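So the structure is just underneath, and the comments pick up after that.
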Amino acid sequence: YKAPKMVVFRNSVSSACGNATSQSGPFYCSGDQAVYIDLDFFDQLETNYGAKGDFAKAYVIAHEVGHHVQYLLGTLQKVSQQQARMSQAESNALNVRLELQADFFADVWAHHDNAKYNSMEAGDIEEGLMLPLRLATIIYSSRLTVVHSQRLSTMVHQLSVHVG
């Protein structure tokens, strides 16, 4: 296992996958194998969605690391190859599956972290159960849907460059 790099930013950042603003939120870029953590996104989670604990932030990071695991396993590359031969609707369905698998990897991390370090506190489980719903609300809001779709398209393009 090779751990991803982590880049923390506010406002905007440049990556091997292109430039991103705070409207993009956290993301993984396979081009430089880095997790990009947007501090403005964490502020939005707290202010607008009530995810105030440190578990919510750790879960977001674990979700993005889940995308890195997908890259290491070759899942992102396989999906990229499949998406090149399918409709936009089918491609979007695969993107949803990638996001759900990254959530699953974050759940596995949370379980093992708690088993090893007894790291969960009262309210963390409820916070963790609600976070994917809160994140879906943010991602699929009209403001971020286009940006998130662009970020996924950029990720797919970067994969095709590395695979091809």
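The values are calculated or read from the model by the stated rules, or taken from the named source; none is laboratory data. Source: prediction; values computed, not measured. Glycine gets a Cβ as well: all are built from the backbone with ideal geometry, and neighbour counts include every protein chain shown.
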query: Taking the stated definitions as given, is residue 153 surrounded by 11 or more Cβ atoms within 10 Å (Cβ to Cβ), among the small types (Gly, Ala, Ser) and either at pLDDT 95 or above or under 18 Å from residue 42 (Cβ atoms) (or both)?
result: no
message: Looking only at residues that are in contact (Cβ under 8 Å) with a residue 60 or more places away in the chain and under 13 Å from the mean Cα position of the chain (by Cα) in region 5-40, which one is farthest from residue 60 (Cα to Cα)?
response: 30
field: Inter-residue pairs, beta-carbon under 6 Å, first within 14 Å of residue 28 (Cβ to Cβ) and in region 75-95, second modelled with pLDDT under 95 and among the small types (Gly, Ala, Ser), 6+ apart
entry: 80/160
message: Considering only residues that are more than 19 Å from residue 51 (Cβ to Cβ) and either among the acidic types (Asp, Glu) or in a helix (DSSP H, G or I) (or both), which ones fall in region 112-125?
response: 112, 115, 116, 117
task: Have a look at 43, 38 and point out the one that is surrounded by fewer than 19 Cβ atoms within 10 Å (Cβ to Cβ) and at pLDDT 90 or above.
output: 43
field: Residue that is modelled with the lowest pLDDT, among those in region 50-75 that are among the aliphatic types (A, V, I, L, M) and out of contact with any strand residue (DSSP E or B) (no Cβ under 9 Å at 6 or more places or on another chain)
entry: 51
